[in-house]
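Data first, discussion second: the structure below is written as structure tokens.
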Amino acid sequence: MIQSFIITFRETLEVALIVGIILGYLVRIKQTKYNNIVYLGVISGIVASIIGALLFTALAGGFTGRAEKIFEGMTMLIGALLLTTMILWMMKQKHIARELEHRVDAELTEAHKFGLFLLVFVAVLREGIETVIFLGAASFVSVNNNIIGALAGIIAAILLGYAIFVGSMKINIKKFFNITSILLILFAAGLVAYGVHELQEATIIPMVIEHVWDLNPPVNSDGSYPILHENGYIGGLLKGLFGYNGNPSLIEVLSYFIYLVFVFALWRNIERVHKVI
């Protein structure tokens, strides 16, 4: 549930900020007559995202056996890739408000209502499709990542986005995105490891060493799971949040830590470049 909440909260907040910047700019330049185009773009993007979610669900339910393992493994790896590119892209957007205003200016100057609609529609659809894939991948890792957490994340992000743009709440956006980016990077590392696990079960990737360690002992005498078992209280929470596995293979462990080292190295490089700029 927590993972679903953070994923939808982060994605929805990005959309809320983009739409808020555009609407705020239209107010500033006294072009609120174009607000309906923005609203239409948002609604159309949401509808297209829902259609995408239904198609994804139908596709995911159409596989069994080895094909199901391959589909789940690839979905997790694609989800991790999208999460990573989204995080790194956001880190580079130092002047996102200014760039959006320039793009809105260009469309309004040329009287391209469709261009303004497309700008909003693509922004909403991109985040919507990413969210569908992220939540789908997360649900393969843990069944506890449910719709309630996802809906709570969407509502919280909309309320926060509104509060920011009416000026009733001041937060450090850069620090906020840095914190959520770290959490999402850890989620993505878990998706990479679990994607590898599924592909190993599908015999596409070799096992090498099947279990580096085993913290999944037999259930307790009362039928409960030990605390660090991946279905136990702590282990289950870590599994849902960070892709914890009580008995991972060697390649799973290596893929998890190689991913973390690679992404944090990219992060430091981007921050170094932006400091120079």
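Can you spot a residue in the range 239-255 that is surrounded by 15 or more Cβ atoms within 10 Å (Cβ to Cβ), in a loop (DSSP other than H, G, I, E, B) and modelled with pLDDT under 80? Checking the range 239-255: at least one residue is surrounded by 15 or more Cβ atoms within 10 Å (Cβ to Cβ), in a loop (DSSP other than H, G, I, E, B) and modelled with pLDDT under 80.
Of all residues in the range 105-128, those that are among the aliphatic types (A, V, I, L, M), surrounded by fewer than 19 Cβ atoms within 10 Å (Cβ to Cβ) and within 18 Å of the chain's Cα centre (by Cα) total 1.
Selection of first residues in the range 76-93 that are farther than 17 Å from Ala193 by Cβ and open to solvent by 50 Å² or more (accessible area, probe 1.4 Å) and of second residues that are of a type outside the set (D, E, K, R) and modelled with pLDDT of 80 or more, restricted to Cβ pairs under 7 Å at least 6 apart or on distinct chains, gives the following pairs, ordered by first then second residue: Lys92/Ile270.
When the range 148-179 is limited to residues that are buried (at least 18 other Cβ atoms within 10 Å of the Cβ) and under 16 Å from the mean Cα position of the chain (by Cα), the one that is modelled with the highest pLDDT turns out to be Ile154.
With respect to the conditions (1) touching an Asp or Glu at 6+ places or on another chain (Cβ under 8 Å); (2) assigned to a loop (DSSP other than H, G, I, E, B); (3) open to solvent by less than 60 Å² (accessible area, probe 1.4 Å), Leu215 lacks only one, and its number is (3).
Within the range 29-45, one or more residues are of a type outside the set (D, E, K, R) and in a loop (DSSP other than H, G, I, E, B). Close Cβ contacts (under 8 Å, 6 or more residues apart or on different chains) running from residues in the range 192-208 that are within 17 Å of Leu241 (Cα to Cα) to residues that are surrounded by fewer than 18 Cβ atoms within 10 Å (Cβ to Cβ) comprise Ala193/Val253; Gly195/Met74.
Selection of first residues in the range 51-62 that are surrounded by 13 or more Cβ atoms within 10 Å (Cβ to Cβ) and of second residues that are modelled with pLDDT under 80, restricted to Cβ pairs under 7 Å at least 6 apart or on distinct chains, gives the following pairs, ordered by first then second residue: Phe56/Gly136; Ala60/Gly136. For Ile205, are the conditions met, namely being part of a helix (DSSP H, G or I) and modelled with pLDDT of 90 or more? So Ile205 does not fit the description; no.
Could you grab the pairs with beta carbons closer than 6 Å, sequence gap of 6+ or different chains, first residue in the range 109-133 and without any contact (Cβ under 8 Å) to a residue 24 or more places away in the chain, second one among the charged types (D, E, K, R) and in a helix (DSSP H, G or I)? What qualifies is Gly115/Glu107.
The values are calculated or read from the model by the stated rules, or taken from the named source; none is laboratory data. Note that the structure is predicted; figures quoted are calculated from it, not measured. Backbone-built Cβ (ideal geometry, glycine too); neighbour counts: all protein chains shown. Accessible surface is based on the protein model in full, side chains and every heavy atom, while ligands, DNA and RNA are left aside. Shrake-Rupley method; radii C 1.70, N 1.55, O 1.52, S 1.80 Å.
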